[in-house]
1. Residue by residue through the range 56-61, which ³J(HN,Hα) values in whole Hz follow from phi under the Karplus form 6.51 cos²θ - 1.76 cosθ + 1.60 (θ = phi - 60°), with glycine and proline marked x?
2. Please arrange Tyr32, Tyr3 by counting, for each residue, the other beta carbons lying within 10 Å of its beta carbon, fewest first.
3. Sort the following peptides by mean Cβ neighbour count (other Cβ atoms within 10 Å, averaged over residues), highest first: 14-25, 50-61.
4. Around Ile6, which amide H atoms from residues at least 5 apart in sequence, or from another chain, sit under 5 Å from its own amide H, with H modelled in the peptide plane?
Amino acid sequence: MLYGQISIDPEVMSGAPVFAGTRVPIQNLFDYLESGEDLSEFLDDFPSVTKEPALNILKRLLIPRIFIQLAEQSDQNVIEVE
């Protein structure tokens, strides 16, 4: 199944979400960033992934994840954004 720039197919990487048209799991991008590597290092190591899809996935998945983590850390579970 194709979800924009993410593909989920049980025949590809055991169904792990991957960058569409590749066998590169989305989790690899998060693993690189969490270990301190930057986006350019990830793109160099996975040349089948281009910058635009990687940035779009970060925008769509990482930003909501940050807000969820902030809400979980908040005593009131309320986040004010100015």
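1. Going residue by residue, I get 4, 5, 4, 5, 7, 10 Hz, with x marking Gly and Pro.
2. Ranking Tyr32, Tyr3 by Cβ neighbours within 10 Å, fewest first, gives Tyr3, Tyr32.
3. 14-25, 50-61
4. Correct list: Ala20.
Just so you know, all these numbers are worked out from the coordinates, no wet-lab data involved. Only a predicted model underlies this, so the values are computations on that prediction, with no experimental measurement involved. Backbone-built Cβ (ideal geometry, glycine too); neighbour counts: all protein chains shown.
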